[in-house]
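Structure first, then comments.
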Amino acid sequence: MGLRVRRVDVWAVEFVDERGGLARCLAPIAEAGGNLECIIARRQADKFRAGIAFVTPIKGKKVLAAARTINMEPAEGLTTLRVEGPDTQGSCARMVRAIADAGVSMRGVSSMTAGKNFVAYVGLDSAKDAEIVTRVLKKLKTGAAGVRK
């Protein structure tokens, strides 16, 4: 089985970095029926008491309206791929090595395991980079020894 790769829209929002700040920020999304697959949140080192969250997906009219009420916007200049495949020893290392070998520099990567699979979100600078990375990752094969060329 090969890796499943698809482009996803990522939305971003700043929130107050205090106890409950992220929870208050995301509450309207949940109340509107949103079902987020991925949330990546962190403090912003260059802003006092400010955090930033990146989320996906924002789907449906009610969820979109809720996102707008908290000033959530599509993340500018960020093209993101969702990659899923069997979780084997070194699979993420081989995935990012394949991206580097293709001449693409990542803006970031977040990866986690769920059962026997991993899911990674790979941030890239452009749609062109996403096309290259998609092509490269779809060529990778998986097996008992993991992802390999």
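Each distinct pair of alpha carbons in the chain adds a 1/r term; the inverse of their mean, the Kirkwood radius, is 16.5 Å.
What's the percent breakdown of Cα-Cα distances in region 1-48 across 10 Å bins, shortest bin first? Calculated over all Cα pairs of region 1-48, the distribution is 19, 45, 24, 11, 2 percent. Just to be sure I understand the curve: with the Debye formula and one point per C-alpha of region 77-139, what is log10 I(q)/I(0) at q = 0.14, 0.23 Å⁻¹? Normalising to I(0) and taking log10 leaves -0.35, -0.93. Would you tally the net charge around Asp125, using a Cβ to Cβ cut-off of less than 14 Å, leaving Asp125 out, and scoring K and R as +1, D and E as -1? Here the charged neighbours net out to 0. Above 17 angstrom, tally the Cα pairs of region 33-119 and express them as a % of all pairs, no decimals. So the pairs more than 17 Å apart make up 62 percent of the total in region 33-119.
Each 10 Å bin from zero up to the one holding the largest Cα-Cα distance in region 11-74 carries the following percent of pairs: 24, 57, 18, 1. In debye, nearest 20, what is the charge dipole magnitude of the chain about its Cα centre with +1 on Lys and Arg Cβ and -1 on Asp and Glu Cβ, if you could check? The calculated dipole for the chain is roughly 560 debye. Taking every C-alpha pair closer than 8 Å and separated by at least 6 residues, the mean separation divided by the residue count of region 1-108 gives a relative contact order of 38 percent. Over all other residues within a Cβ to Cβ distance under 14 Å of Ala65, the charged ones net out to +2, with Lys and Arg as +1 and Asp and Glu as -1.
Return the calculated 222 nm mean residue ellipticity for the chain, to the nearest 500 deg cm²/dmol, obtained by summing -39500 (n - 2.57) across DSSP H runs with n ≥ 4 and dividing by the residue count.
-9000 deg cm²/dmol, from helical runs alone.
Here, each number is a calculation from the coordinates, and none is a lab measurement. This structure is a prediction, so every number in the text was calculated from the model and none was measured. Heads up, the Cβs are rebuilt from the backbone with ideal geometry, glycines too, and the neighbour counts pull from every protein chain shown.
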